[in-house]
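Notes to accompany the following structure.
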């Protein structure tokens, strides 16, 4: 038998004990600390905390929205699959932009990605939503364009697209937006569906804390 910890509760306890020991969370706003810890847990890199960016009160804004039953709009199915829907406080509906009816046709007709086209098709449901992006920079760019073009603002944007083309730039645009969009994001190329889902799960779990 290999020597390893088998108890899931003990694995979780030790994981967050290590995160607390190795991660500098004290300098973060109190409502962001649970999000930062979950992000570190998702990627195994305490150093990412230095690249977190967030608007004032973003964590509290997200939690209040979730308590009101805010809909969750994810860019891709992989993000939605990682969300702890069983812990939702108010049966919050979850939809996926890339799966919007007509997204593929619109993408082909307009020369944009399916996730961006899906975000466009979901524009009428953005008001008071929690938009969670973990894959597609184009979805984040398109979201900001839609809000700039008079679409209703989401309650919160969790912006964690990953990659080498547009990821850093889309997150920089989110972090410097002058549209009144509340946000939590991670500067640079790093991100991904697991991190995006972890950020949303942190807000969900913090409601019970």
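Quick look at the numbers
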{"quantity": "Sequence of 171, 127 once ranked by neighbouring C-beta atoms within 10 Å, starting from the fewest", "calculated": "127, 171"}
{"quantity": "Of all DSSP beta bridges in segment 8-206, antiparallel share, percent nearest 5", "calculated": "20 percent"}
{"quantity": "Extension gain (nm, one decimal) between residue 179 and residue 121, 0.36 nm per residue minus Cα-Cα", "calculated": "18.9 nm"}
{"quantity": "Distance (nanometres) between label positions extended 7 Å along Cα→Cβ at residue 64 and residue 13", "calculated": "3.6 nm"}
{"quantity": "Contact order relative to length of the chain, as percent, for alpha carbon pairs under 8 angstrom and 6 or more apart", "calculated": "24 percent"}
{"quantity": "Cα pair count fraction exceeding 31 Å, expressed as % - the chain", "calculated": "16 percent"}
{"quantity": "Inter-label distance, nm, simple model (7 Å from Cα along the C-beta direction), residue 152/residue 26", "calculated": "4.3 nm"}
{"quantity": "Residue 91/residue 145 FRET efficiency (R0 35 Å; Cβ-Cβ; nearest 0.05)", "calculated": "0.70"}
{"quantity": "Whether segment 1-72 is rounded, prolate or oblate, judged on the alpha carbon gyration tensor where a/c under 1.5 counts as rounded", "calculated": "oblate"}
{"quantity": "Protection proxy ranking of 20-31, 182-193, 104-115 - average other beta-carbon atoms within 10 Å, highest first", "calculated": "182-193, 104-115, 20-31"}
{"quantity": "Helix-only mean residue ellipticity at 222 nm for the chain, each DSSP H run of n ≥ 4 adding -39500 (n - 2.57), per residue, nearest 500", "calculated": "-13000 deg cm²/dmol"}
{"quantity": "Sites residue 101 and residue 169, calculated FRET efficiency, Cβ-Cβ separation with R0 30 Å, nearest 0.05", "calculated": "0.55"}
{"quantity": "Packing-based exposure ordering (other Cβ within 10 Å, fewest first) of 178, 60, 51", "calculated": "178, 51, 60"}
{"quantity": "Helix 137-148 vs. the chain, principal-axis angle (Cα, 0 to 90°, nearest 10)", "calculated": "60 degrees"}
{"quantity": "Residue 4/residue 84 FRET efficiency (R0 30 Å; Cβ-Cβ; nearest 0.05)", "calculated": "0.75"}
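No lab work stands behind these numbers, since they all come straight from the coordinates. Keep in mind that this is a model prediction, so the values were computed, not measured. In this analysis, Cβ positions are derived from the backbone assuming ideal geometry, glycine residues included, and neighbour counts consider all displayed protein chains.
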